[in-house]
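> Below is one structure. I have some questions about it.
Laboratory data are not the source of any read-out in this text; all were calculated from the coordinates shown. What you are looking at is a predicted structure, and each value in this text was computed from that prediction instead of being measured. As a convention, Cβ positions derive from the backbone with ideal geometry for all residues, glycine included, and neighbour counts pool all protein chains shown.
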Amino acid sequence: MTEYETILVDTRGRVGWITLNRPDALNALNTQVMRDVVAAASAFDADEGIGAIVLTGSERAFAAGADIKEMESKSGLDILMDDHFGGWATFAAVRTPVIAAVSGYALGGGCELAMMCDIILAADTAKFGQPEINLGVIPGMGGSQRLIRAVGYYKAADLVLTGRMMDAAEAERAGLVSRVVPAAELLDEAGRVADTIASKSLPSVYAAKAALDAAMETTLTEGLRFERHVFASLFDTADQKEGMSAFREKRAPDFQNR
Ligand code: CAA
């Protein structure tokens with residue numbers, strides 16, 4: 001398995017695990033973290049043996065944001081010319097479902113990274129926020145756009161304009177978090193959710209994620225049209241026949257990802 005500088009990577013069954021590993025900087029997201037996460041996620045995405053990815057950090061921090069020390073001295077032109085956060089778009093576009101397992105701080109780019117994932121499991125210790133306004137800037141990895149789609153304008157504006165943090169319970173009420181679990185159970189629960197997804201037929205999982213993504217991107221009419229086409233296309237898979245005959249025969253399906 002490839003060695004990375006800023007993350008730990010391993011495979012458990014059909015699940016790929018990525019653990020952010022810059023403990024001294026609360027997993028601040030510098031350019032190397034972006035490169036490493038994108039490379040690891042892309043490698044898992046290209047591997048048919050992987051049906052789900054878990055992205056996590058440490059107990060203290062999922063990620064405390066983009067690396068402020070790396071950015072501080074940059075000019076606007078530098079940020080523009082090196083497309084500073086542009087690489088994250090590759091991570092957001094992986095076809096394999098990604099579960100963010102968030103413990104501790106998910107601030108700024110950390111919150112934005114969690115929002116690039118499909119399911120956000122939060123430990124009861126998790127804290128979410130977009131504190132960029134305290135630094136004289138605004139969110140730059142999607143926070144002003146994805147947060148509104150997740151929690152609506154008024155909660156997003158409250159967070160983005162004040163820079164305050166919200167705890168896991170508030171994040172769950174607001175709809176940012178899929179589920180909150182006791183901190184000690186976070187990784188086991190993330191593993192269980194990932195195993196469940198990875199046990200399904202991969203073509204249908206890719207299709208489901210693509211349809212969910214379409215809902216975030218397009219109009220209802222276009223989204224419904226897209227869903228109908230993708231739904232129809234799955235009837236050309238062997239796994240659709242297997243899934244439906246297994247139901248009729250009252251047995252568990254044996255999916256072949258074909
Ligand atoms: N960038 C760089 N280093 C960071 C960092 C960040 N975002 N967050 C924490 N660190 C570093 C600290 O500088 C410190 O390093 P040193 O020991 O070398 O000084 C180390 O991590 C531990 O942090 P603290 O001592 O500050 O820990 P704390 O428990 O007192 O506070 C915290 C924790 C409240 C999360 C605080 O670290 C903090 O406010 N961090 C910054 C949060 C932030 O503003 N995030 C947004 C960044 S900008 C962004 O993300 C833009 C975007 O949209 C992509």
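> Per residue of the range 139-149, in order, report the coupling 6.51 cos²θ - 1.76 cosθ + 1.60 (Karplus, θ = phi - 60°) as ³J(HN,Hα) in whole Hz, putting x for Gly and Pro.
Along the range 139-149, the couplings run x, x, 10, x, x, 6, 9, 6, 5, 4, 5 Hz.
> Check which residues have an amide H placed less than 5 Å from D67's amide H, if you skip close sequence neighbours.
L29, N30
> Rounded to two decimals, what ratio of Rg to Rh does the chain give with C-alpha atoms and a Kirkwood Rh?
Using Cα coordinates only, the ratio equals 0.99.
> Need one word for the range 12-54: rounded, prolate or oblate. Basis is the Cα gyration tensor (sqrt eigenvalues a ≥ b ≥ c); a/c below 1.5 gives rounded, then a/b vs b/c decides.
Oblate shape, in that a/c is at least 1.5 and b/c is the bigger or equal ratio.
> At a threshold of 8 angstrom on Cα-Cα distance, excluding pairs fewer than six apart, so keeping six or more, what relative contact order does the chain reach in percent?
That works out to 16 percent.
> Of all the Cα-Cα pairs you can form in the range 166-258, what percent are over 24 Å apart?
It works out to 43 percent of all Cα pairs.
> Related question: Using just the C-alpha positions of the range 32-103 as equal point scatterers, what log10 of I(q)/I(0) does the Debye formula give at each q in 0.17, 0.18, 0.24 1/Å?
Each listed q maps to, in turn, -0.75, -0.82, -1.14.
> Right, next: Under a Cβ-only charge scheme (Lys and Arg +1, Asp and Glu -1), can you give me the dipole magnitude of the chain about the Cα centre, in debye to the nearest 20?
780 debye
> Would you please report the Å³ per residue occupied by the convex hull of the alpha carbon atoms in the range 52-175?
101 Å³
> Could you calculate, for the range 1-125, the ratio of the Cα radius of gyration to the Kirkwood radius, expressed as Rg to Rh?
Using Cα coordinates only, the ratio equals 0.96.
> Here is a follow-up. Please arrange C117, C111 by how many other C-beta atoms lie within 10 Å of their C-beta, fewest to most.
C117, C111
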